[in-house]
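Okay, so here's the structure we're looking at.
The values are calculated or read from the model by the stated rules, or taken from the named source; none is laboratory data. Keep in mind it's a predicted model, so treat the numbers as computed, not measured. Glycine also receives a Cβ, built like all others from the backbone with ideal geometry; neighbour counts cover every protein chain displayed.
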Amino acid sequence: MHPMLNFAVKAARRAGAIINRASDNLDALTVRHKSLNDLVSEVDRAAEDAIIDTLKRVYPNHAILAEESGASGDSEYQWIIDPLDGTTNFLHGFPIYAVSIALAHKGQIQHAVIYDPTRNDLYTASRGAGAFLNDKRLRVSRRDKLIDTLIGTGFPFRMGADIDAYTGMFKDLTTKTAGIRRPGAAALDLASVAAGRLDGFWEIGLSPWDMAAGTLLITEAGGLVGDLEGEPNHMENGRIVAGNPKIFVQLLQAIRPHISDRLRN
Ligand code: IPD
Ligand code: CA
Ligand code: CA
């Protein structure tokens with residue numbers, strides 16, 4: 001394992017331990033609304049502090065983009081951190097949430113870790129070296145007909161104006177696929193595409209820290225990732241489509257008629 005990935009794993013496991021400890025006593029947590037439906041607890045902050053502390057000890061000069069503390073530093077290397085992806089699930093004791101850490105070099109993601117502390121599942125990828133779940137090499141699914149697929153998504157709860165475009169996509173895809181799932185943690189949804197459990201995924205309104213690690217897992221597992229128009233701008237515009245190569249194209253086709261002007265590049 002590349003040493004940088006190794007430190008990211010260490011950081012993710014530290015955060016996971018904090019999250020697991022807190023999950024025993026959810027009633028004791030103080031929760032704050034960042035905005036409508038957007039929650040943060042002291043666990044998100046404690047997990048993020050632990051990650052940043054672990055990484056800064058070894059790489060004091062690297063830049064950071066973290067969900068709760070924002071962007072800092074100026075370096076070719078940037079750590080992109082979601083300390084707890086799936087906070088709403090976590091706060092309800094719904095066991096689908098994860099820690100997500102990626103390292104970008106000159107804007108290109110090189111290493112990725114997603115750690116699911118409820119299952120002790122560790123997803124890792126390094127550019128050019130494949131994607132893994134624990135010790136097992138990951139491959140995207142081989143399904144090639146949209147009608148046979150299980151597709152993941154997330155609801156655009158923060159973006160009132162885009163809900164109609166989204167529901168159009170949703171309506172179409174419920175009839176064109178074998179099923180749609182909304183697990184509630186984008187990083188794990190993307191990991192599920194890499195692992196072949198989901199054949200594809202789409203969501204509108206994500207942030208870089210939701211996607212950074214998961215997208216490298218998918219491309220290293222042989223899948224494709226882009227925005228609603230298939231362009232590589234998802235990290236900038238927060239609109240993402242992913243899947244195995246055949247389903248990626250078919251998802252784009254199904255989504256295209258519903259893209260409103262606001263959702264165009
Ligand atoms: C959220 C989750 C969710 C997605 C939201 C994200 P958070 O992240 O990934 O699945 O639909 O858009 O904000 O806030 O729990 O880290
Ligand atoms: Ca998130
Ligand atoms: Ca989060």
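Filtering region 54-95 down to residues that are part of a strand (DSSP E or B) and more than 13 Å from ligand 2 (Cβ to nearest atom), which residue is surrounded by the fewest Cβ atoms within 10 Å (Cβ to Cβ)? This residue is 70. Return yes or no: is residue 51 among the β-branched types (Val, Ile, Thr), outside the structural domain of residue 233 (by TED's automatic domain parsing) and either in a strand (DSSP E or B) or free of Cβ contacts under 8 Å to residues at least 40 places away in the same chain (or both)? Taking the combined requirement at face value, the residue does not satisfy it. Pairs are defined by a Cβ separation below 9 Å, a sequence spacing of at least 6 or placement on different chains, a first member in region 77-100 that is farther than 16 Å from residue 207 by Cα and away from ligand 3 (no atom under 12 Å from the Cβ), and a second member that is assigned to a strand (DSSP E or B) and hydrophobic (A, V, I, L, M, F, W, C); the pairs so defined are 77/63; 77/103; 77/104. State whether one or more residues within region 241-263 are at pLDDT 95 or above, within 21 Å of residue 104 (Cβ to Cβ) and surrounded by 18 or more Cβ atoms within 10 Å (Cβ to Cβ). Yes, some residue in region 241-263 is at pLDDT 95 or above, within 21 Å of residue 104 (Cβ to Cβ) and surrounded by 18 or more Cβ atoms within 10 Å (Cβ to Cβ). All conditions but one from (1) within 22 Å of residue 96 (Cα to Cα); (2) outside any loop (DSSP other than H, G, I, E, B); (3) touching a helix residue (DSSP H, G or I) at 6+ places or on another chain (Cβ under 7 Å) apply to residue 192; the one that does not is (3). Restricting attention to region 248-265, the residues that are under 25 Å from residue 209 (Cβ atoms) and in contact with a helix residue (DSSP H, G or I) (Cβ under 9 Å, 6 or more places away or on another chain) total 6.
For region 95-118, indicate whether the set of residues that are over 17 Å from the mean Cα position of the chain (by Cα), over 22 Å from residue 218 (Cβ atoms) and in the same structural domain as residue 53 (by TED's automatic domain parsing) is non-empty. The answer is no, given that none of the residues of region 95-118 is over 17 Å from the mean Cα position of the chain (by Cα), over 22 Å from residue 218 (Cβ atoms) and in the same structural domain as residue 53 (by TED's automatic domain parsing). Is at least one residue of region 243-257 not β-branched (Val, Ile, Thr) and not in a helix (DSSP H, G or I)? Checked against the condition, which is being not β-branched (Val, Ile, Thr) and not in a helix (DSSP H, G or I), region 243-257 yields at least one hit.
State yes or no: is residue 63 assigned by TED's automatic domain parsing to the domain that holds residue 108 and more than 24 Å from residue 112 (Cβ to Cβ)?
no
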